[in-house]
Each structure stands twice: as C-alpha cells, then as structure tokens.
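Undergrad: Quick one: this structure, given as structure tokens, is what I'll be asking you about.
Since every read-out is calculated from the coordinates, none of them should be taken as a lab result. Since the structure is predicted, the reported quantities are computational estimates derived from the model, not experimental observations. As a convention, Cβ positions derive from the backbone with ideal geometry for all residues, glycine included, and neighbour counts pool all protein chains shown.
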Amino acid sequence: MLLGYHAVHNLYWQKSCSQDASYVVTGLRSLNPPLTIVRKTVDTTENPDDFLPSVMTCVNYLKLPEYSSSNVMRSRLAVAAREGQLSFHLS
C-alpha cells in the first residue's frame, strides 16, 4: 500500500510508526525491532472506519482497525500520520 503514497505522505507514515525517519533510505527491513502490524479491536457496536490507527513507536508496532476498504485505510493512515507529527501521547 505504501507504493501508492505520495513521497511526503510516505515519510509522514514512516516517521509516525517509528519516530525515526532515517530508515527511509535503507527501507523497512532495517528497523530494529521490525515493524509489526496487528488488528486494533473495536467494540462490535462501533464502526472501525471511525477510528484512527495507533502506534507504539518505541517498538515499531502499528495497530489497524479492520477498515471496510483499502481507500478508507489509506485515508485514515494519512490523517493519523499528518496529525500525529506534532504530538506524542503515552497510552
């Protein structure tokens, strides 16, 4: 999916997952620990499309809700990456 991203969005996304954009040159395989992507659970009464993905940057861990389409996932990732550039929250 990253192949379809504009270069700026790609950089935002990568920096959001690890808080370290230096691996952009060497690729995802150079991350230590490796990038892990898991399903983010939401209540069955809620729409997963309403949720943003979340990350644990210290361990390169990305949690994605089960979005209804790749377009929704791309949009939600872009919002999370763009809006998360200036924030850091412990959760």
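Undergrad: Using the count of nearby Cβ atoms within 10 Å as a rough guide to exposure, how do VAL59, VAL38 rank from fewest to most? It would help to have the intermediate numbers written out before the result.
TA: Working: VAL59 12, VAL38 9.
Starting with the residue having the fewest Cβ neighbours, the order is VAL38, VAL59.
Undergrad: In addition: Could you please report the charge total around GLU66, scoring K, R as +1 and D, E as -1 over all other residues with beta-carbon less than 13 angstrom from its beta-carbon? Intermediate values should be presented prior to the final figure.
TA: Values: positive: ARG39, LYS40, LYS63, ARG76; negative: ASP43, GLU46, ASP49, ASP50.
Here the count lands on 0.
Undergrad: Subtract the Cα-Cα distance of ASP49 and LEU35 from 0.36 nm times their separation in residues, and report this length gain in nm to one decimal.
TA: Working: separation 14, 0.36 × 14 = 5.04 nm, distance 2.26 nm.
Answer, rounded to one decimal: 2.8 nm.
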